[in-house]
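Input: a single structure, listed below in structure tokens.
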Amino acid sequence: MSFLRIPFKYRLLMPMGLILLAIMIFPLGYSLAISLQDYELSRIGQERFIGLDNYIRLFSNSSFWTAMGNTITFVVLAVGLELVLGFFLALLLHNKATFMRGFFRSTLLTPMFITPIAVGLMFRFLLNSQLGVIPTALEAIGLRVNWFGPDLALFSIVLIDVWQWTPFMLLLLLAGLESLPEDPFEAARVDGAVGWAMVRHITIPLMRPIILAAVIIRMLDAFKVYEYIYAITRGGPGEATESMQYFIYRTGFIYFRAGEAAAMSFTLIIVITLLVALLFTVLRRESA
Amino acid sequence: MKARLYHMVIILTGLAMLLSACGGAATPAAEQPPAAEEAVTLNIIVEQVPDYDIVAELTQTFMQENPNIKVTFDAMPYDAMRDKILTSFMAPKATYDIIIVDNPWMDEFPAADFLLDLTEYVKNTPGYNFEDYVAPVRELTTHDGKITGIPYYNYALGMIVRQDLFDDAAMKEKFLAKAGRELTIPKTLEEYLEVGQFFQENGIAGAAMQPQRGYKVFEEWKNWLYAEGGNVIDADGNVVINSPEAKKALEMYIEMYETAAPPDSLNWGFDDALRSMASGQSATMISYNWMLPALNNPEGQAGELAGKFALYPVPGGKAVLGAWYWAISKNTPNPDAAWKYISWLTSPAIDKLRVEKGGAPVRASTMQDPEVWEKGYGESYYTTVYEILSNCEPLARGVHADEISNEVGTFLNAAVAGEMTVDEALAGIEAKVKEILAK
């Protein structure tokens, strides 16, 4: 087989193909292979092929499904809130009449420049019932909230994520708003549309592709929630804030059971893919 | 033909570059052990704790005495250590020649054949006095009859109290009126609960507890379990956690949390509890014995409360043992230099210096040395630590000790949070531990 007989365009693709093979396809294939083995990092040399056992066992692992449920709840709540808040803020900042628009544009973005582990630690102290500023302030007006108790812990983590990542949503949506064509708005104005009607019937439909992109980017990121949980609750109380990433991390890197951890990761990939497909279908249908 | 050859060469070069970037490491030079006089660098992974600062200071003397051995430390927080250690073990040549091993890993790492057998080294080092290590700490050094770890420092649990509150005349009088007995340091769980609730009623939290999910809550609660005479696994390896003793111990622990701990402290770890003690908001805590000197340090975080704290054995007397060990990676190219360093640092003379400077003791001779009492934290501290260390047992043993500790802690935390009943939690622990042991 002569190398020169390969069409020129494919020869040009080869270097990139090789790089992708080395850094993406090989590791993925390798971890897929690990997921089919009884593979413990502290028992190297004793690994054996067990087929789909790791996957089958996941079905009866209640902690895994609790973690999956928590993670999906977290993603839906966090990304939903970020979208609503981000969109509202983007509309405000897009409006040329907004007071000190330039100043707010830059300051509102700052939370997303902080490393998430630092944000986790910050809120751990801010919400600490003995030392924290927030509980002290709330107590002054007669409110007692146990932020990290069984009922609220997951929601508190959602709020922290909203605090940090709404700016990201804002940034994407604002860029989207600024790139929208002026004509439909002018036409609507001529027809007498104002305020909410304008947003509902012109802005949102035009923004749909951008919203879809923003939601997917944030969603994929939110599925990786780890730092806040690690810094604050360690998955507790009980399993109330156990997230997929924390669960997989513990299985793989604390208990060294790489086979099981790989099987969990692939199951998570399947679930995420299904969710993204669902999101696409829903938003496409609406726009059709 | 020429063009084909040219293309092949380019592709092969590209492939070779890619592969070499992935492979790296094993060069022939690395596999040859260095000659005796050749300069050697020992890389050591350690946890960033007060004891490490003392070790780093002492190591300067070692390097002056042994100019051909350079010691470098990689100090980091606990949570970052386990995976770094594992990757070092699995590399063709160790990243860390010497590692420190936490007691839950002391069966796991030797079973995975990661650690160098030190038995002969110990035997052939004159004046080392290995038997001097307190028995419960020494027991963990040995796996399958081989010594694979050398004790570094202990973190057995004790009860730290605000002595001034226990000595306060008004408090004593009030307690006598309420309980009908003298206000004394609690020796049983019943007494501890009663004293805790008494302080709570008098404006200070009775116990800064640490019910955080994971090994943390287990580390605290297992002292309660011992106090009732229970255990998770008995001497024959049977899972005995689902017992009346465990039920009582967990019920009392939850009652203490609900009636005498600082409010909303469900996710507290040892640092939160320490802050609560240091800021005068709690009267007692069950924590690492080495925290007492930190609290009593006038320049430490307790400020003017420094000097008012005292250490006692936990109620019931038997405590959870925690200890760190020095170990040598099996894949180090410098085993002799590594042993030279470890045996120097842990020798009776240097260990004494370490403890005098504030290190947590592991050798009986050090704890019984009047000179150490004088230069360190006083006789009562060392005799109490010795008493604690003489009657203690680790959280779990075996190759899955770390996983057992973490999983048990999940159920305990859920029970304290009210997410499950005490019976459900204990049954859950029983099933989980059996499942882990069967792996």
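No value in this document is a laboratory result; all are computed from the given coordinates. Everything numeric in this text was worked out from a predicted model, so none of it was measured. Glycine gets a Cβ as well: all are built from the backbone with ideal geometry, and neighbour counts include every protein chain shown.
For A:VAL84 and A:ALA22, FRET efficiency with R0 = 30 Å and r from the beta-carbon atoms, rounded to 0.05? Could the numbers behind the result be given before it?
Values: r = 42 Å, r/R0 = 1.41.
After rounding to 0.05, the efficiency reads 0.10.
How many times 2.2 N^0.38 Å is the alpha carbon radius of gyration of the stretch B:342-431?
1.60
How compact and how long is the stretch B:132-212, expressed as Rg and Dmax of its alpha-carbon atoms in Å?
Values for the stretch B:132-212 (Cα only, Rg and Dmax): 19.1, 57 Å.
Just grab the label-to-label distance for A:SER106 and A:ASN61, each label 7 Å out from Cα along the Cβ direction, in nm (one decimal).
Spacing of the two 7 Å Cα→Cβ label points: 4.8 nm.
Provide Rg over Rh for the stretch B:257-408; use the alpha carbon set for both Rg and the Kirkwood Rh (inverse mean inverse pair distance).
Values: Rg = 18.1 Å, Rh = 17.9 Å.
With Rh from the inverse mean 1/r over Cα pairs, Rg/Rh is 1.01.
If you find the alpha carbon centre of the stretch A:161-190 and of the stretch B:226-302, how far apart are they in angstrom?
52 Å
Compute the Rg/Rh shape ratio of the stretch B:264-305: radius of gyration over Kirkwood radius, all on alpha-carbon atoms. Walk me through the numbers before you get to the answer.
Working: Rg = 10.1 Å, Rh = 10.6 Å.
With Rh from the inverse mean 1/r over Cα pairs, Rg/Rh is 0.95.
Please compute one quarter of the surface area of the Cα convex hull for the stretch A:33-111 and express it in square nanometres. Can you show the working numbers first?
On the way: hull surface 36.2 nm².
Dividing the Cα hull surface by four gives the mean projection, 9.1 nm².
Along each principal axis of its Cα atoms, how long is chain B end to end? Whole angstroms, biggest number first, please.
The principal-axis extents, from largest down, are 102, 51, 42 Å.
Most fluctuating residue of B:ALA417, B:ALA227, B:ALA327 in a GNM of chain B with Cα springs under 10 Å: which is it?
Result: B:ALA417 has the largest fluctuation of those listed.
Let me see the pair-distance distribution of the protein assembly as shown: every alpha carbon pair, 10 Å bin width, integer percents in order.
2, 12, 19, 22, 19, 13, 7, 4, 1, 0, 0
Calculate I(q)/I(0) for the stretch B:40-144 by the Debye formula, one identical point scatterer on each C-alpha and no solvent, and give its log10 at q = 0.18 Å⁻¹ to two decimals.
The computed values of log10 I(q)/I(0) come out as -1.17.
Considering every Cα-Cα pair within the stretch B:301-353, what fraction, in whole percent, is farther apart than 18 Å? Before the final figure, lay out each step's value.
Numbers: 877 of 1378 pairs.
The answer is 64 percent, as a whole percent.
Have a look at the DSSP beta bridges in the protein assembly as shown and tell me what percent are antiparallel, nearest 5. Before the final figure, lay out the partial values.
Working: 26 of 40 bridges.
If I count the DSSP bridges inside the protein assembly as shown, around 65 percent turn out antiparallel.
Compare B:LEU176, B:LEU58, B:LEU42 in a GNM of chain B, Cα atoms joined below 10 Å, and give the one with the largest fluctuation.
Between B:LEU176, B:LEU58, B:LEU42, it is B:LEU176 that shows the largest mean-square fluctuation.
For the stretch B:146-294, report the convex hull volume of the alpha-carbon atoms normalised per residue, in Å³, without decimals. Before the final figure, lay out each step's value.
Numbers: hull volume 20.4 nm³, N = 149.
Roughly 137 Å³ of hull volume per residue.
If you take the square roots of the eigenvalues of the alpha-carbon gyration tensor of the stretch B:149-194 and sort them as a ≥ b ≥ c, do you get rounded (a/c under 1.5), prolate (a/b over b/c) or oblate?
prolate
For chain B, with a Gaussian network of springs between Cα atoms less than 10 Å apart, report the residue from B:GLY229, B:GLY196, B:GLY358 with the top mean-square fluctuation.
Greatest mean-square fluctuation among the candidates belongs to B:GLY229.
For the pair A:ILE269 and A:ILE216, how long in nm is the line joining their label points, each one 7 Å along Cα→Cβ?
Using points 7 Å along Cα→Cβ, the separation is 1.8 nm.
How big is the stretch A:62-287 by Rg and Dmax over its Cα atoms, in Å?
When restricted to Cα atoms, the stretch A:62-287 yields Rg and Dmax of 20.2, 66 Å.
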